[in-house]
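Before any comments, here is the structure.
The values are calculated or read from the model by the stated rules, or taken from the named source; none is laboratory data. Since we're looking at a predicted model, the values are computed, not measured. All Cβ positions, glycine included, derive from the backbone under ideal geometry; neighbour counts span all protein chains shown. The protein model used for the area step is the full one, side chains on, heavy atoms only, and it has no ligands, DNA or RNA in it. Shrake-Rupley method; radii C 1.70, N 1.55, O 1.52, S 1.80 Å.
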Amino acid sequence: MSKVYIETYGCQMNEYDTEIVRAVLQQDRYDLTDSPAEADVILLNTCSVRENANRKVFGRVHTLRHENNGRNVKIGIIGCMATDFKQRLLDDPHVPVDFIVGPDSYKRLAGIIRDAFENEEKGFDVKLSKHETYEDIYPVRQSGVNAWIAVMRGCNNFCSFCVVPYTRGRERSRSPLSVMNEAKKLANENFSQVTLLGQNVNSYSYDGKDFAYLLNKVSEIDGIERIRFTSPHPKDFPDSLLNTVAENPHVCKHIHLPLQAGNTRVLDMMRRTYTHEEYLDLVDRIRAKCPEIVLTTDIIVGFPSEIDKEFEDTVKIMQAVEFDSAFIFKYSERDGTLAQKKYPNDVPEEKKTERIMRLNELQKEHSLKRNRAHIGRMFEVLIEQEQTKKSDTDIQGRNDGNKLVIIPNNGYHIGEFIQTEITDATAHVLKGKVINHK
Ligand code: SF4
């Protein structure tokens, strides 16, 4: 039996896809290994959202080729770089890979690997599907408290800076029944939390059933205590969804709400479909229904032609919302996107650096303020790890708001819910003491 080693880059959807790939290969009698040195097949499940994600993989292919020199090891690039670069990747002499397989073609992966061994053929399958959701595949997961469930795939939004619609195709949703069956199995395997995934998860739609419906259905399953979801788009937050987040005790009170930029002209160039004011209105609507909600976001600085005055609009939104945390990136031009075709990447690198440093500073202040407001409050903390990076006498978990909480270990275990009072906070973590042990 050939041994397969898989390395995963990028988003949670790629982590879920790696679990799908494990299942598909095990069904075809491949064995899995955690060591590339032992592997006959090495798969890199890749991300193509920014230039440096690609550079990292190109470097990794060379390292792996070098480390396995003289062994008949097949190296394959799967995931978004396969559908982003396609044939170019296979023909590039600087990227010594044996095959490439896109995110919708994993059911054909075993055959492509076989061909690579039997016919020394450089196989590739980068077709995008309008239907494939892998709902008939039960992923092979590693143990833990949280399990990813991809409820929809692809994206139809075509934000002008983004490659995802080209690398992952058109939106399609799984049946609610298939999602519930997967969640039931997970509950039987002692997963108490599930995170529903989608490139644009809140545009989920199946036979007229929307995302609010799906959240409520999954929350009816015994053993599933917490439900999270990512990544939503601000354009798809009807009242039915906000009511479900606010009122359903199993749905976590955390929303990741990508802003991307604060200026309406820039948002329009990004094709984000909302304005500066509309984003703030949505935040007000969310907080009106759910005052304790934790809000996090994504921001891009230095989108083509963004001037200082327009960048200040991003600062204004951050000051108005005071996000709990934010992922802030420099604009990275992606081949084939609308922005690359229409807008020169004209914001100087130093200007991008200046802006990202300013926003990171500002966000740090807001994260500290938001976290310090938790001191004295009580939360149920779901234990994820029995020690922390810094100490083996503390354990860590997350509260409903997805905030990391460190508490002294008193013989608690992964998967337990611990009633905790928050006693201290930094910009990154909360510290607590145990009040009641369930
Ligand atoms: S919503 Fe926009 S940013 Fe998000 S995956 Fe789709 S195209 Fe990309």
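A few comments on the model shown:
- Among the residues of region 409-422, the ones that are open to solvent by 70 Å² or more (accessible area, probe 1.4 Å) and farther than 21 Å from Cys252 by Cα come to 2 in all.
- Residue satisfying all of: in region 19-52; more than 24 Å from Gln199 (Cβ to Cβ) and hydroxyl-bearing (Ser, Thr, Tyr); surrounded by the fewest Cβ atoms within 10 Å (Cβ to Cβ) among these: Ser35
- Summed over region 212-227, the residues that are closer than 23 Å to Arg141 by Cβ, part of a helix (DSSP H, G or I) and not charged (D, E, K, R) give a count of 4.
- Hey, Asp104 in contact with a Leu (Cβ under 6 Å, 6 or more places away or on another chain) and in a loop (DSSP other than H, G, I, E, B) or not: yes
- Taken across region 205-212, residues that are in contact with a Phe, Trp or Tyr (Cβ under 7 Å, 6 or more places away or on another chain) and either more than 9 Å from the ligand (Cβ to nearest atom) or without any contact (Cβ under 8 Å) to a residue 24 or more places away in the chain (or both) do occur, with at least one present.
- Failed condition for Asp236, given (1) open to solvent by 20 Å² or more (accessible area, probe 1.4 Å); (2) away from the ligand (no atom under 16 Å from the Cβ); (3) in contact with a Ser or Thr (Cβ under 8 Å, 6 or more places away or on another chain): (2)
- Meets criteria (hydrophobic (A, V, I, L, M, F, W, C), part of a helix (DSSP H, G or I) and at pLDDT 95 or above) for Leu242: yes
- Scanning region 316-342 for residues that are open to solvent by less than 50 Å² (accessible area, probe 1.4 Å), of a type outside the set (Asp, Glu) and out of contact with any Asp or Glu (no Cβ under 9 Å at 6 or more places or on another chain) returns Ile317, Met318, Val321, Phe323, Ser325, Thr337.
- Enumeration of residues in region 329-340 that are touching a Ser or Thr at 6+ places or on another chain (Cβ under 9 Å) and farther than 9 Å from Ser160 by Cα: Lys330, Arg334
Residues are listed down the side, and each one gets a yes or a no for (1) closer than 19 Å to Leu295 by Cα; (2) among the acidic types (Asp, Glu); (3) part of a helix (DSSP H, G or I):
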position	(1), (2), (3)
Lys341	no, no, yes
Val347	no, no, no
Asn360	yes, no, yes
Gln363	yes, no, yes
Lys369	yes, no, yes
Lys390	no, no, no
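- Search result, residues across region 110-135 that are under 19 Å from Tyr30 (Cβ atoms) and under 23 Å from the mean Cα position of the chain (by Cα): Tyr134
- Residues of region 304-315 classified as part of a loop (DSSP other than H, G, I, E, B) and open to solvent by less than 70 Å² (accessible area, probe 1.4 Å), total: 3
- If you go through region 169-199 and pick out every residue that is within 16 Å of the ligand (Cβ to nearest atom), crowded, with 21+ Cβ neighbours inside 10 Å and not in a strand (DSSP E or B), you end up with 3.
- Within region 125-136, the presence of at least one residue that is open to solvent by less than 10 Å² (accessible area, probe 1.4 Å), on the phi > 0 side of the Ramachandran plot and among the hydroxyl-bearing types (Ser, Thr, Tyr) is confirmed.
- Checking Val163, Val151 one by one, the residue that is closer than 30 Å to Phe303 by Cα, within 16 Å of the ligand (Cβ to nearest atom) and open to solvent by less than 10 Å² (accessible area, probe 1.4 Å) is Val163 and no other.
- Residues located in region 259-273, provided they are crowded, with 19+ Cβ neighbours inside 10 Å, in contact (Cβ under 8 Å) with a residue 40 or more places away in the chain and of a type outside the set (Gly, Ala, Ser): Leu259, Gln260, Asn263, Val266, Met269, Met270, Arg272
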